[in-house]
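Chemist: Pasting a structure here, questions to come.
The values are calculated or read from the model by the stated rules, or taken from the named source; none is laboratory data. Here the structure is a predicted model, which means the values were calculated and not measured. With ideal geometry, Cβ positions are generated from the backbone for all residues, glycine too; neighbour counts draw on all protein chains shown. Accessible surface areas use protein heavy atoms only, side chains included; no ligands, DNA or RNA. Shrake-Rupley method; radii C 1.70, N 1.55, O 1.52, S 1.80 Å.
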Amino acid sequence: MTETGPIRMLLAKVGLDGHDRGVKVVARALRDAGMDVIYSGLHRTPEEVVTAAVQEDVDVLGVSLLSGTQLTVFPRIFALLGQYGAGDMIVVAGGVMPDEDVAAIKAMGVRAVLLQDTPPETIVTTLRRLVAERGAR
Amino acid sequence: MSYIPSDTLAERAARGELQAVGRLISRAEAGVPEVRPTLAAIYRRTGAAHVIGITGVAGSGKSTLVAGLALRLRQAGDKVGIVAIDPSSPYSGGSILGDRIRMSELAADPGIFIRSMATRGALGGMARATLEAVDILDLAGFDAIIIETVGVGQDEVEIARASHTTIVVSAPGLGDGIQAIKAGTLEIADIHVVSKCDRSDADRTLMDLKQMLMLGHAAAASTDWQVPVIGVSAYSGEGIDALVTAITRHRAVALRSAAGQTRRLAIADFRLRKTAENLLAERFAAVAAEGAPPLARRLADRDADPYTLARELVANLLAWESKHE
Ligand code: B12
Ligand SMILES: Nc1nc2c(ncn2[C@@H]2O[C@H](COP(=O)(O)OP(=O)(O)O)[C@@H](O)[C@H]2O)c(=O)[nH]1
Ligand SMILES: [Mg+2]
């Protein structure tokens, strides 16, 4: 990534979900893999998260969800990204959710869903691959 | 998705489209060659914004203060841009950019634009693309632009050459707060803030600082501007109004007075040097990447001395552009 610099990533927690252990593990792993990581903090709204992602112009918006709200959160996030003209942003998800929800959010446009027990190296390689596939922007 | 030309993005940014502002800053940060002519054209269109620098050691409360300040400026009708810089890890090159999390109450207001930046090895408290980010925000119509420096070193004096108004933050209870000021940031402050004034030990820090300033001022008294010391609590909001008043007053003085003119020239001079420095650093890397230089061989063989060869190297760096661009 020498041409374009480190991958920029926003890690976000949305709504009342207070589980932040996983997201902090991921933040450190990504930093140690050479990425620039911004963490939203807990209890953000989709509006706040998308505004931040657009201002920071991150390569990847990653949402960590352990609260079961994925089917309402992602439609909102994609709608807002569209309003900002930021449809090229890569969106990924992590946390805990049932298989049928994984399929549903992938159909909405979530590019990767990396749930509990995913080794950090897998997360790193997945993000690198997605950004490389996207190309220059 | 097709690649949108930077000139197109600049027009969109000038109309206030936030996505274009964000993307242009990314391209400036990545040093994409295609964005350079656009940045050059943007510079000519800037100069309207008031640039406020905030420095002080890590943990002194800069980010929290920036949030409080931005909110107040926003209430007064300004659009506020913020560029917040954090260090890159020297081991991985990555970073966790933590300033934004302290500004979360600003999160959904489109009139406030927050951009986090990692230093990526740059020294002096700012990142290489910080000044370009300021230009882009200026183009986009942000009236006040706040730069928050890294706050690790005691040598972050460059901020005074990048901002119209420089605020130095000292906090009670850090022990080394006053120490940092002794080591060189005392002189660069247009405004001193003692943060966390809700704490009982803040009075002591205020007194120490005022005393130190009186000693300094006996030597170098300025007639245009008396550097104020303001106690602020970002938690209770105490002192924020006084700070905004001081910033507004300083801006007026800086715009009108002879000292202000000198300052503007110094800012331009710094920008020029920094840009030249970056240019040379880039060429250096590019020339080095072209393979082991024959110059080094001549040096190793004692064919010539380092001083002569260094001149030759510099000449090569300058010639490099015409060959490659
Ligand atoms: C620890 C824990 C808690 C702790 C949280 C502490 C903290 N600060 O994080 C406490 C005790 C506070 C807690 C509370 C609750 N919890 Co709880 N909790 C757990 C538990 C046991 C482990 C979660 C954890 O930390 N895992 C370790 C980390 C490292 O894993 P992780 O978060 O999954 O992250 C990994 C991946 O998912 C991925 N990842 C995570 N985020 C992201 C983001 C991106 C972008 C990417 C790429 C990857 C990624 O990478 C990580 C490394 O592999 C889970 C059970 C489980 N099996 O997950 C329940 C669980 C999540 N909790 C649950 C519930 C119901 C609750 C409560 C509502 C309980 C209650 N009734 O009070 C409260 C709600 C609190 C709140 N406000 O949200 C349910 C959620 C059910 C659901 N989703 O429908 C679970 C699944 C338990 C269960 N089986 O019922 N909980
Ligand atoms: N008591 C008190 N603590 C504060 C205040 N402002 C910031 N802090 C705390 O000081 C710490 C560092 O704040 P931060 O804004 O991140 O400082 P920075 O590293 O200089 O940007 C945090 O724990 C804040 O909660 C304040 O006004 N009062
Ligand atoms: Mg900070």
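Chemist: Which is part of a helix (DSSP H, G or I), within 16 Å of ligand 3 (Cβ to nearest atom) and away from every other protein chain (no Cβ under 12 Å), of B:Gly59, B:Gly68, B:Gly53?
Modeler: Details: B:Gly59 fails: part of a helix (DSSP H, G or I); B:Gly53 fails: part of a helix (DSSP H, G or I).
Going through B:Gly59, B:Gly68, B:Gly53 in turn, just one is part of a helix (DSSP H, G or I), within 16 Å of ligand 3 (Cβ to nearest atom) and away from every other protein chain (no Cβ under 12 Å): B:Gly68.
Chemist: If only one of A:Val50, A:Val91, A:Val58 is more than 7 Å from chain B (Cβ to nearest Cβ), open to solvent by less than 10 Å² (accessible area, probe 1.4 Å) and either part of a loop (DSSP other than H, G, I, E, B) or out of contact with any helix residue (DSSP H, G or I) (no Cβ under 7 Å at 6 or more places or on another chain) (or both), which one is it? Even if it seems obvious, please write down each step before you answer.
Modeler: Working: A:Val50 fails: either part of a loop (DSSP other than H, G, I, E, B) or out of contact with any helix residue (DSSP H, G or I) (no Cβ under 7 Å at 6 or more places or on another chain) (or both); A:Val91 fails: either part of a loop (DSSP other than H, G, I, E, B) or out of contact with any helix residue (DSSP H, G or I) (no Cβ under 7 Å at 6 or more places or on another chain) (or both).
Just a single option satisfies the conditions, and that option is A:Val58.
Chemist: Could you check how many residues of the stretch B:23-40 are surrounded by fewer than 24 Cβ atoms within 10 Å (Cβ to Cβ) and touching a helix residue (DSSP H, G or I) at 6+ places or on another chain (Cβ under 7 Å)?
Modeler: Qualifying residue count for the region: 4.
Chemist: Among the residues of the stretch A:14-21, is any open to solvent by 70 Å² or more (accessible area, probe 1.4 Å), near ligand 1 (Cβ under 8 Å from one of its atoms) and in a loop (DSSP other than H, G, I, E, B)? Quick ask: steps written out before the conclusion?
Modeler: Filtering the stretch A:14-21 for residues open to solvent by 70 Å² or more (accessible area, probe 1.4 Å) gives A:16, A:19, A:21.
Okay, now just the ones that are also near ligand 1 (Cβ under 8 Å from one of its atoms), so A:16, A:19, A:21.
Checking which are in a loop (DSSP other than H, G, I, E, B) leaves us with A:16, A:19.
Yes: the stretch A:14-21 contains one or more residues that are open to solvent by 70 Å² or more (accessible area, probe 1.4 Å), near ligand 1 (Cβ under 8 Å from one of its atoms) and in a loop (DSSP other than H, G, I, E, B).
Chemist: Let me ask another. Looking at the stretch A:64-88, I want the residues that are surrounded by fewer than 17 Cβ atoms within 10 Å (Cβ to Cβ) and have a partner that is basic (Lys, Arg) with Cβ atoms under 8 Å, at least 6 apart or on another chain. Which pairs are those?
Modeler: Short answer, once both residue conditions are applied: A:Asp88/A:Arg134; A:Asp88/A:Arg137.
Chemist: Tell me, please, whether a residue that is open to solvent by less than 10 Å² (accessible area, probe 1.4 Å) and at the interface with chain B (Cβ under 10 Å from one of its Cβ atoms) can be found in the stretch A:94-105.
Modeler: Narrowing the stretch A:94-105 to residues open to solvent by less than 10 Å² (accessible area, probe 1.4 Å): A:105.
With at the interface with chain B (Cβ under 10 Å from one of its Cβ atoms) added as a condition, the list becomes none.
Among the residues of the stretch A:94-105, not one is open to solvent by less than 10 Å² (accessible area, probe 1.4 Å) and at the interface with chain B (Cβ under 10 Å from one of its Cβ atoms), which makes the answer no.
Chemist: Working only within the stretch B:96-114, note down all residues that are at the interface with chain A (Cβ under 7 Å from one of its Cβ atoms), over 18 Å from the mean Cα position of the chain (by Cα) and within 13 Å of ligand 2 (Cβ to nearest atom).
Modeler: If the condition is that a residue be at the interface with chain A (Cβ under 7 Å from one of its Cβ atoms), over 18 Å from the mean Cα position of the chain (by Cα) and within 13 Å of ligand 2 (Cβ to nearest atom), then B:Ile96, B:Ile101, B:Ser104 are the ones that fit.
Chemist: Same structure, new question: Suppose we keep only residues that are open to solvent by 30 Å² or more (accessible area, probe 1.4 Å) and away from ligand 3 (no atom under 16 Å from the Cβ) within the stretch B:230-243. Which one would you say is nearest to the other protein chains (Cβ to nearest Cβ)?
Modeler: In the first step, residues of the stretch B:230-243 are kept if they are open to solvent by 30 Å² or more (accessible area, probe 1.4 Å); the result is B:234-236, B:238, B:241-242.
Narrowing the set further to residues that are away from ligand 3 (no atom under 16 Å from the Cβ) leaves B:236, B:238, B:241-242.
Numbers: B:Ser236: 21, B:Glu238: 24, B:Asp241: 27, B:Ala242: 29 Å.
Step by step, filter the stretch B:230-243, then rank; the result is B:Ser236.
Chemist: Starting from residues that are among the small types (Gly, Ala, Ser) and open to solvent by 20 Å² or more (accessible area, probe 1.4 Å), keep the ones in the stretch B:62-87 and report whichever is nearest to ligand 2 (Cβ to nearest atom).
Modeler: Going through the stretch B:62-87, the residues among the small types (Gly, Ala, Ser) turn out to be B:63, B:67-68, B:70, B:76-77, B:81, B:84.
Filter once more, keeping what is open to solvent by 20 Å² or more (accessible area, probe 1.4 Å): B:76-77.
On the way: B:Ala76: 21, B:Gly77: 25 Å.
Restricting to residues being among the small types (Gly, Ala, Ser) and open to solvent by 20 Å² or more (accessible area, probe 1.4 Å), the top hit is B:Ala76.
Chemist: Still on this structure, please answer the following. Right, B:Gly93: within 14 Å of another protein chain (Cβ to nearest Cβ) and farther than 14 Å from B:Ala133 by Cα or not? Please lay out each step first, then the result.
Modeler: Working: within 14 Å of another protein chain (Cβ to nearest Cβ): yes; farther than 14 Å from B:Ala133 by Cα: yes.
Yes; evaluated as a whole, the condition is true for this residue.
Chemist: Considering only the stretch B:17-40, how many residues are away from chain A (no Cβ under 12 Å) and within 24 Å of B:Ile112 (Cα to Cα)?
Modeler: Here is the first cut: in the stretch B:17-40, the residues away from chain A (no Cβ under 12 Å) are B:36-40.
Adding the requirement that they be within 24 Å of B:Ile112 (Cα to Cα) leaves B:38-39.
Counting residues in the stretch B:17-40 that are away from chain A (no Cβ under 12 Å) and within 24 Å of B:Ile112 (Cα to Cα) gives 2.
Chemist: Here's a follow-up. May I ask you to list the residues in the stretch B:115-142 that are under 12 Å from the mean Cα position of the chain (by Cα), within 17 Å of B:Ile52 (Cα to Cα) and in a loop (DSSP other than H, G, I, E, B)?
Modeler: B:Gly124, B:Gly125, B:Met126, B:Ala127, B:Ala129
Chemist: Condition check: surrounded by fewer than 23 Cβ atoms within 10 Å (Cβ to Cβ) and more than 30 Å from A:Val14 (Cβ to Cβ). Does B:Gly111 satisfy that?
Modeler: Working: surrounded by fewer than 23 Cβ atoms within 10 Å (Cβ to Cβ): yes; more than 30 Å from A:Val14 (Cβ to Cβ): no.
Criteria not met by B:Gly111.
Chemist: While we're here: Out of the residues in the stretch A:25-43 that are more than 7 Å from chain B (Cβ to nearest Cβ) and over 13 Å from the mean Cα position of the chain (by Cα), which is nearest to A:Thr122 (Cα to Cα)?
Modeler: In this case the residue turns out to be A:Ala29.
Chemist: Say whether the condition of being within 12 Å of ligand 1 (Cβ to nearest atom), open to solvent by 20 Å² or more (accessible area, probe 1.4 Å), within 14 Å of another protein chain (Cβ to nearest Cβ) and under 21 Å from A:Asp32 (Cβ atoms) is met by at least one residue in the stretch A:112-120.
Modeler: First, pick out the residues of the stretch A:112-120 that are within 12 Å of ligand 1 (Cβ to nearest atom): A:112-120.
Remaining after also requiring open to solvent by 20 Å² or more (accessible area, probe 1.4 Å): A:113-120.
Going one step further and asking which of them are within 14 Å of another protein chain (Cβ to nearest Cβ), we end up with A:120.
Applying the additional criterion that residues be under 21 Å from A:Asp32 (Cβ atoms) yields A:120.
Yes, the conditions are met somewhere in the stretch A:112-120.
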